[in-house]
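Read through the structure below, which is laid out as structure tokens, and then see the notes.
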Amino acid sequence: MKDRIYLSSGSLSNYGLDRVFELASAAGFGGVELIVDARADSVQAGYLARLSARHSIPVSAVHAPFSFVDPPGWEKGEIGRAGRSLALAEELGSSLLVLHTPFFTDSAYRRWLEEGLEKLQAGTSVILAVENMPHSRKLGGRLGVRLNWPSLQEAGSSRWWKLLPAVFRPECFPLCDLKLLEKFPRIVLDTTHLGTGGLDPIEVFDRLGARVVHIHLSNFDGREHLELRTGRLDLAAFLGHVEERGYRGSYCLEIMPRYFRSHDEEATLALLKDNLALIRGAAKLGDAANKEEGAAEPAPRL
């Protein structure tokens with residue numbers, strides 16, 4: 001059932017959207033999760049519908065823009081953007097809209113999520129789901145204390161400014177606290193973001209239960225959104241566990257574009273296929289789980 005596994009357009013943001021759809025289709029994904037960004041192409045429903053038809057792959061989910069991104073012609077407020085993102089999802093026939101938990105400075109958006117989101121949900125068939133965001137360093141985190149520090153020097157470039165939020169406000173995204181997050185009836189679970197807080201994805205999934213309707217998959221070792229075979233999270237075990245527990249929601253591969261060799265489209269496609277095969281095999285979805293003999297060798301590490 002490949003239609004439950006999507007590719008985030010953000011994974012290939014170093015390509016144009018046409019090639020994102022082309023590569024997602026060629027790799028065998030069941031849909032694209034469109035991240036609304038600063039490009040006009042990402043907010044023009046007519047153009048997106050043509051891409052979807054051209055490459056025979058749907059826009060299965062829409063991801064509302066990050067707070068620091070300004071989509072052309074859109075207002076800056078998070079509440080207004082949520083409405084615009086929903087309208088885009090409805091026009092494209094998408095079944096899911098991904099919304100972030102608010103940054104600690106955005107009290108109006110937090111209040112709207114906690115008090116007004118269900119009113120918006122009542123008027124649409126699109127599922128509105130809230131995504132857990134990264135955690136700041138937690139000294140008691142089993143993974144966090146070991147893994148977050150290297151991210152400050154990711155790829156050899158200085159990231160000293162990432163210390164500032166932890167100094168002045170330890171909880172950059174306060175609603176990521178599980179006691180607060182579980183107030184939402186529909187949740188997008190991001191595995192990398194759990195890793196930044198030293199949280200075990202299996203334990204969190206079991207706690208949130210039926211609230212989880214969509215899962216962003218990537219690995220983590222201090223660097224965020226790594227491909228699935230690189231990092232400290234046992235994502236194969238996680239995928240097997242959630243399917244055994246009866247999860248029937250969707251998955252989305254969400255890798256940082258810097259980890260693709262964008263000058264080599266063949267290598268990019270191979271990495272996409274390898275990660276998709278891991279998801280299918282571990283979750284026992286589709287043909288990949290049933291081919292024990294004569295299966296192709298995994299794609300080489302890129």
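The values are calculated or read from the model by the stated rules, or taken from the named source; none is laboratory data. None of these values were measured; they are calculated from a predicted model. Please note: Cβ atoms are built from the backbone with ideal geometry, for glycine as well, and neighbour counts cover all protein chains shown.
Starting from residues that are under 19 Å from the mean Cα position of the chain (by Cα), outside any loop (DSSP other than H, G, I, E, B) and of a type in the set (A, V, I, L, M), keep the ones in the stretch 238-268 and report whichever is nearest to Tyr15 (Cα to Cα). Among residues in the stretch 238-268 that are under 19 Å from the mean Cα position of the chain (by Cα), outside any loop (DSSP other than H, G, I, E, B) and of a type in the set (A, V, I, L, M), the one nearest to Tyr15 (Cα to Cα) is Leu253.
Restricted to the stretch 38-72, and to residues that are under 21 Å from Val126 (Cα atoms) and of a type in the set (Phe, Trp, Tyr), which residue is surrounded by the fewest Cβ atoms within 10 Å (Cβ to Cβ)? In this case the residue turns out to be Tyr47.
The set of residues in the stretch 35-68 being in contact with a Leu (Cβ under 9 Å, 6 or more places away or on another chain), of a type outside the set (Val, Ile, Thr) and under 21 Å from His100 (Cα atoms) consists of Arg39, Ser42, Ser60, Ala61, His63, Ala64. Taking first residues from the stretch 1-18 that are under 11 Å from Gly31 (Cβ atoms) and β-branched (Val, Ile, Thr) and partners that are surrounded by fewer than 23 Cβ atoms within 10 Å (Cβ to Cβ) and modelled with pLDDT under 95, the Cβ contacts under 8 Å between residues at least 6 apart in sequence or on separate chains come to Ile5/Leu285.
In the stretch 40-51, the residues that are closer than 17 Å to Trp74 by Cα form Cβ pairs under 6 Å with partners that are assigned to a helix (DSSP H, G or I) and aromatic (Phe, Trp, Tyr), at six or more places apart or across chains, as follows: Asp41/Tyr47.
As a summary of the residue check, Asn14 satisfies the conditions (1) within 18 Å of the chain's Cα centre (by Cα); (2) in a helix (DSSP H, G or I); (3) not acidic (Asp, Glu) except for the one numbered (2).
Out of all the residues in the stretch 193-214, which are surrounded by fewer than 23 Cβ atoms within 10 Å (Cβ to Cβ) and under 14 Å from the mean Cα position of the chain (by Cα)? Scanning the stretch 193-214 gives Val212, Val213.
Among Tyr259, Tyr251, Tyr247, which is the only one that is under 24 Å from Leu178 (Cβ atoms), surrounded by fewer than 22 Cβ atoms within 10 Å (Cβ to Cβ) and either hydroxyl-bearing (Ser, Thr, Tyr) or at pLDDT 95 or above (or both)?
Tyr247
Of the residues Ser8, Ser13, only one is within 22 Å of Ser250 (Cα to Cα), polar (S, T, N, Q) and modelled with pLDDT of 95 or more; which?
Among Ser8, Ser13, only Ser8 is within 22 Å of Ser250 (Cα to Cα), polar (S, T, N, Q) and modelled with pLDDT of 95 or more.
What residue, among those in the stretch 94-126 that are under 20 Å from the mean Cα position of the chain (by Cα) and in a loop (DSSP other than H, G, I, E, B), is farthest from Tyr251 (Cα to Cα)? My answer is Phe103. Within the stretch 166-217, the set of residues being modelled with pLDDT of 95 or more, within 17 Å of Ala236 (Cα to Cα), aliphatic (A, V, I, L, M) and outside any strand (DSSP E or B) comprises Ile202, Val204. If the condition is being at pLDDT 95 or above, of a type in the set (S, T, N, Q) and not in a helix (DSSP H, G or I), then the stretch 55-91 contributes Ser56, Ser60.
Condition check for Ser52 on (1) in a loop (DSSP other than H, G, I, E, B); (2) among the polar types (S, T, N, Q); (3) within 28 Å of Arg4 (Cα to Cα): one failure, at (1).
Figure legend. Inter-residue proximity from the stretch 115-131: first residues in contact (Cβ under 8 Å) with a residue 24 or more places away in the chain, second residues of a type in the set (Phe, Trp, Tyr), beta-carbon distance below 7 Å, spacing 6+ or different chains. Indicated pairs: Val130/Phe184. Within the stretch 17-37, if we keep just the residues that are over 18 Å from Asp3 (Cα atoms) and more than 18 Å from the chain's Cα centre (by Cα), the residue that is surrounded by the fewest Cβ atoms within 10 Å (Cβ to Cβ) turns out to be Asp18.
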